Amino acid sequence: MRFIGALLVLVSLGMLGAEGFWWLTGGSGAEFELASLGQWWSWVHESSLQLVAPAIERHLPGGPWLYETFVQPVLLWPGVIEVFVVGVVLIVLGKLL
């Protein structure tokens, strides 16, 4: 668990480096803005991102409410921060268990 957490922390640092590089080269406009998790997901594998909403809405009880209330907001948060936080949580849980 600690290894996966450390790997996620390293991935988040790489994501932050990529964001900084895009900003320095003028790819994201004048202001530095972190890309959302949904944006990162679409860059990596767009077709799977497009399947998430219909899959949750069809196959889980309370699907539309669940997607709109929890999943969609998480996809709009900055991806770098989310990956980093999950990595740190896994590291801490790995040390405690």
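Scanning residues 5 or more positions from SER36 or on other chains, those with amide H under 5 Å from its amide H are GLY79, with H placed 1.01 Å from N in the peptide plane. Annotation note: GluC sites (Glu not before Pro) in the stretch 8-49 located in DSSP loop regions with a Cβ neighbour count of at most 15 within 10 Å are GLU31, GLU33. For the chain, carbon and sulfur atoms together expose 71% of the accessible surface, with a 1.4 angstrom probe and every protein chain in place. Hull volume per residue, based on the alpha-carbon atoms of the chain and their convex hull, is 121 Å³. By the helix-only formula, in which each DSSP H run with n ≥ 4 contributes -39500 (n - 2.57) and the sum is divided by residues, the chain has a 222 nm mean residue ellipticity of -24500 deg cm²/dmol.
How far, in nm, would the chain grow between TRP22 and VAL89 when pulled straight, counting 0.36 nm per residue and subtracting the alpha carbon separation? Gain in length upon complete extension: 21.3 nm.
The values are calculated or read from the model by the stated rules, or taken from the named source; none is laboratory data. The structure presented is a predicted model; accordingly, all values stated were derived computationally and were not measured. So basically every Cβ, Gly included, is an ideal-geometry build from the backbone, and we count neighbours across all protein chains shown. Heads up: the accessible areas ignore ligands, DNA and RNA and are worked out on the full protein's heavy atoms, side chains in. Shrake-Rupley method; radii C 1.70, N 1.55, O 1.52, S 1.80 Å.
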